[in-house]
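Sharing a structure, written as structure tokens. Questions coming.
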Amino acid sequence: MDSVLKKPALRRATLNAATITRQSKSNLALAFVSLGRERKRDITIFYAFCRVIDDIADSSELSAVEKRVGLAKWRQMLHATAQDEPLLARDVRQLIAKYSLPASMLEEIIAGVEMDLSALRYPTFEELRIYCYRVASAVGLVSIEIFGYRNQRCKQYAIELGLALQMTNIIRDVGKDMQNGRIYLPQEDLARFHYSETELTQRQYNERFVQLMEFQARRARQFFANAAAALPAEDRRAMTPAEIMGSVYRGLLQRIELDKFRVFEKDYQLSKMEKAGRIAAQLFKSSLNLTRRTSV
């Protein structure tokens, strides 16, 4: 394998997909509970790919040049075998072939995390939207191919839900991202609410900051609403994993809103019990959908 990919920061890529997913402790992994064995294995492989790609961009052990080399290597491995490649690369190529996945969609995800290497500010939301599409909506578009769907409108559902999830992430991680030199809040929105970048870097919590964040939350909730409207009735059961994710993140967004966006001092998350409750509720809805379809 290329010497860059042998760096300690990238050793995770040598693990199997299930181990990568388990170590991530992400909300996304929770959603897989509703899937059968084969689809669960396949979505786990795809998720592991996303984690490894993200690890490259976020690594503190790699230089910017090394990160770009690592991401370029993964672009190549989507299409052909590379010398000493990790097992995950072969698994991802098999996944692409099995579901006829456009390799370009996985390349969009790579391009998204690559934006974090240079785009540390976003002047407008339309520019931020491109980033959100690549790192979240593109993930959704690949995921629904693995989940299986009937109605092409499901693609719009995946796009809108991805935007909602990523905006929720951005709201939750404002303080953490700022410490890493990244500001995802559009510059035009900071100007709209007269909240300066200096105030943000100084972690100043005031009424203007709350108004700024309320604006972002309304945007996220609109994407959630768009997703709900776009979800075809015949695909509701197949999209149970995505609906679980949506439910968890809606709960997270609500918690942050009710607490008035104290993101500089708190790391917001739902408890295991709250997540379990939301998963159970979605599984119950899924069973009702199945009952209705079989009784018609």
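Every read-out reported here was derived from the displayed coordinates using simple, explicitly stated rules and does not represent laboratory data. The model shown is predicted, which means the values in this text are computed figures rather than measured ones. Quick reminder, even Gly has a Cβ in these numbers, built from the backbone with ideal geometry, and neighbours come from all protein chains shown.
Hey, in the GNM for the chain with a 10 angstrom Cα cutoff, which one of THR168, THR240, THR198 fluctuates hardest?
THR198
Then there's this: Convert each backbone phi in the range 33-48 into a coupling constant with the Karplus relation 6.51 cos²θ - 1.76 cosθ + 1.60 (shift: θ = phi - 60°), then list the ³J(HN,Hα) values in order as whole Hz, x for Gly and Pro.
Working through the residues one at a time gives 4, 7, 8, x, 4, 5, 5, 5, 4, 5, 5, 5, 4, 4, 4, 4 Hz.
If the cut-off is 19 Å between C-alpha atoms, which aspartates and glutamates fall inside it for LYS285, apart from same-chain ones fewer than 8 positions away?
Result set, ordered by chain and number: GLU234, ASP235, GLU243, GLU274.
Ok, one more. Per DSSP helix of 4 or more residues, -39500 (n - 2.57); summed, then divided by the residues of the chain. What does that give at 222 nm, rounded to the nearest 500?
Per the formula, -20500 deg cm²/dmol.
Where is the GNM fluctuation largest for the chain (alpha-carbon springs, 10 angstrom cutoff): ARG237, ARG192, ARG41?
Among ARG237, ARG192, ARG41, the largest mean-square fluctuation in the Gaussian network model of the chain belongs to ARG192.
For the range 93-107, what does the Karplus curve 6.51 cos²θ - 1.76 cosθ + 1.60, with θ = phi - 60°, yield as ³J(HN,Hα) per residue in whole Hz, taken in order and with x for Gly and Pro?
4, 5, 5, 4, 5, 4, 9, 6, 6, x, 4, 4, 6, 6, 5
If you don't mind, another one. Out of residues 5 or more away from ASN151 or on other chains, whose amide H comes under 5 Å of its own, with H placed 1.01 Å from N in the peptide plane?
none
Relative contact order for the range 214-296: what is it in percent, counting Cα pairs under 8 Å that are at least 6 residues apart?
So the answer I get is 39 percent.
Further question: Distance from the Cα centre of the range 162-198 to that of the range 57-115, in angstrom?
Going from one Cα centre to the other spans 27 Å.
Could you give the size of the charge dipole of the chain about its Cα centre, using +1 on the Cβ of each K and R and -1 on the Cβ of each D and E, expressed in debye and rounded to the nearest 20?
The dipole of the chain has a size of about 1120 debye.
OK, next. Starting with the fewest neighbours, write out MET239, MET273, MET178 ranked by other beta-carbon atoms found within 10 Å of each beta-carbon.
By the 10 Å Cβ count, ascending: MET273, MET178, MET239.
Further, regarding this structure: Express the C-alpha Rg of the range 121-296 as a ratio against the empirical globular expectation 2.2 N^0.38 Å, rounded to two decimals.
1.12
How much length is gained on full extension from GLU274 to ALA103, taking 0.36 nm per residue of separation minus their Cα-Cα distance?
Here the segment from GLU274 to ALA103 would lengthen by 57.9 nm.
While we're looking at this one, here's another question. Got a sec? Charge dipole of the chain, +1 on Cβ for Lys and Arg, -1 for Asp and Glu; which of ILE53, ALA217, SER271 is way out at the positive end?
Projecting each Cα onto the dipole axis, the largest value belongs to SER271.
By the gyration tensor of its Cα atoms, with a ≥ b ≥ c the square roots of the eigenvalues, what is the shape of the chain: rounded for a/c under 1.5, prolate for a/b over b/c, or oblate?
Because a/c hits 1.5 or more and a/b fails to exceed b/c, the chain counts as oblate.
Take the residue pairs LYS176/LYS275; LYS155/LYS260; LYS40/LYS98; LYS98/LYS275 and return only those whose Cα atoms are more than 25 Å apart.
Cα-Cα > 25 Å for LYS155/LYS260; LYS98/LYS275; rest within.
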